[in-house]
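One structure below.
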Amino acid sequence: MKLLIANGHLIDPSAPENTGMSVLIEDGRVTGWLKQNETPPEGCEIFDASGLLVAPGFIDMHVHLREPGQEHKETIASGCAAAVAGGWASVCPMPNTNPVNDNAAITRYMIEQAAKAGLANVFPIGAITKSSDGSELAEMGEMKAAGAIAVSDDGRPVPNAGIMRRAMQYARDFDLPVIDHCEDKSLSSGGVMHEGRISLLLGLKGMPALAEEIDAVRDILIARETGARIHIAHVSTKGAIEAVRRAKNEGINVTCEVTPHHFTFTDAAVEGYDTNTKMAPPLRSEDHLEAVLEGLRDGTIDAIATDHAPHHSDEKALEYDRAPFGITGLETALGLAFTELVHKGVIDLVRLVELCSTNPAKIFGLTGRGSLTPGSIADVTILDPELQWTYSNAESRSKSKNNPFDGRQFHGAAVATIVAGKVVFKG
Ligand SMILES: [Zn+2]
């Protein structure tokens, strides 16, 4: 199996000078870079990438695939189909399945289901505490041996600083990053949107920015003391971004990600009471959005992750107060990244590839990914930065349709996804 991705514009942050090269893939690995006029080896299939960008396979650090337990919302197969259609070669599912992924058997099950689907790579994230109930530590070492790449109690953040400290010591000894959904529930409980002028106007209970900031600061301090690696999930507030910036300057091992909806929307989007604007953390006010864009510009934010959270339409059809938190995002993320960030001059293309591939691979220690240098695993995302297209929930590969961008026009998209040398999506 030989494949040459020819005539494209290669963007590999580890080799920025090689934009004109074609990428040769043999048996699932990148085996060389050819000049455009070089003759390809015999029997080589050609992928013509004229006018397209060729990047190392994108890695979504934060998704919810709902299997096991809530297969009516999503399965690993349907989530992976949505992932590759959105340009993601790899996805990292959070452990809040039913039962919770707090043991090696479930971690293994998820990887097996992904192998059966044969689409995206799935790198599971194990729970920090058993059942993510915040009390007893989960078997991190066994989950790591089964294939887990990080630990998190996403959605149910560890409330007790003493347990979080022990969790970080334990995770450090297993060399596992701890992913932190920063939300002090004693401040945010009962809230359904960002606390501010608009929540007051709409008469909805707010979740203050402080709930995120206080937890981010606490866990950065615990990371400093324990030497653990900490990754802040879906950062959304000025204060938390500032805390990460300061911590990085101090040399603390901290990274963070942002979702597409937090770099696109403000809480003004909630005004129509569309439950597809309800997520945790909530959409924030303009000053927080500005801080997110600044963090993307200056490198404080390391990654773009979707927080793809499928929910059945019956649940999202409830009134705003009662609807569940979360939206899908695998198929709209890159459209938003191009439209809102690249074409508006917030970030350039190299930075886009860093945010979606190189940095996620580094943070999770995914050796052989995040670059297309010879020897790498042949996961490739092919992008058309100029494609004009309209997203439609009806055509989504996800089992759930809770996405607020239905009917929205985008400028730029992923047009093909290659996993281990195999074309698994071509749009
Ligand atoms: Zn979360």
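The values are calculated or read from the model by the stated rules, or taken from the named source; none is laboratory data. This is a predicted model, so every value here is computed, not measured. Counting neighbours? That spans all protein chains shown, and the Cβs are built from the backbone with ideal geometry, glycine included.
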| Of the residues Glu212, Glu225, Glu183, Glu195, which is more than 16 Å from the ligand (Cβ to nearest atom), acidic (Asp, Glu) and crowded, with 19+ Cβ neighbours inside 10 Å? | Glu195
| said: With the requirement that a residue be in a loop (DSSP other than H, G, I, E, B), surrounded by 17 or more Cβ atoms within 10 Å (Cβ to Cβ) and either polar (S, T, N, Q) or on the phi > 0 side of the Ramachandran plot (or both), what does region 309-360 give you? | reply: Gly326, Thr328, Thr332
| query | Do you know which of the residues in region 119-158 that are at positive phi and touching a Lys or Arg at 6+ places or on another chain (Cβ under 8 Å) is surrounded by the most Cβ atoms within 10 Å (Cβ to Cβ)? | reply | Ser132
| task | Output yes when any residue across region 98-120 is over 20 Å from Ala361 (Cβ atoms) and within 16 Å of the ligand (Cβ to nearest atom), and no when none is. | result | yes
| Does Glu286 fit the bill of being more than 22 Å from the chain's Cα centre (by Cα), under 29 Å from Arg408 (Cα atoms), at pLDDT below 95 and not aromatic (Phe, Trp, Tyr)? | no
| message | I'm trying to understand the selection: among the residues of region 389-405, which are part of a loop (DSSP other than H, G, I, E, B) and buried (at least 16 other Cβ atoms within 10 Å of the Cβ)? | response | Tyr391, Ser396, Arg397, Ser398, Lys399, Ser400, Lys401, Asn402, Asn403, Pro404, Phe405
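Only one residue in Ala55, Ala114, Ala15, Ala49 is closer than 21 Å to Cys356 by Cα, at pLDDT below 95, of a type in the set (A, V, I, L, M) and more than 16 Å from the chain's Cα centre (by Cα). Which one?
Ala15
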| message | Can you tell me how many residues within region 132-165 are of a type outside the set (Lys, Arg), part of a helix (DSSP H, G or I), farther than 13 Å from Asp215 by Cβ and away from the ligand (no atom under 15 Å from the Cβ)? | response | 8
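Quick one: is Ser90 in contact with a strand residue (DSSP E or B) (Cβ under 7 Å, 6 or more places away or on another chain), in a loop (DSSP other than H, G, I, E, B) and polar (S, T, N, Q)?
no
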| field | Residues (without any contact (Cβ under 8 Å) to a residue 40 or more places away in the chain and either part of a helix (DSSP H, G or I) or of a type in the set (S, T, N, Q) (or both)) located in region 218-271 | value | Ile220, Leu221, Arg224, Gly239, Ala243, Arg246, Ala247, Asn249, Asn253, His262, Thr266
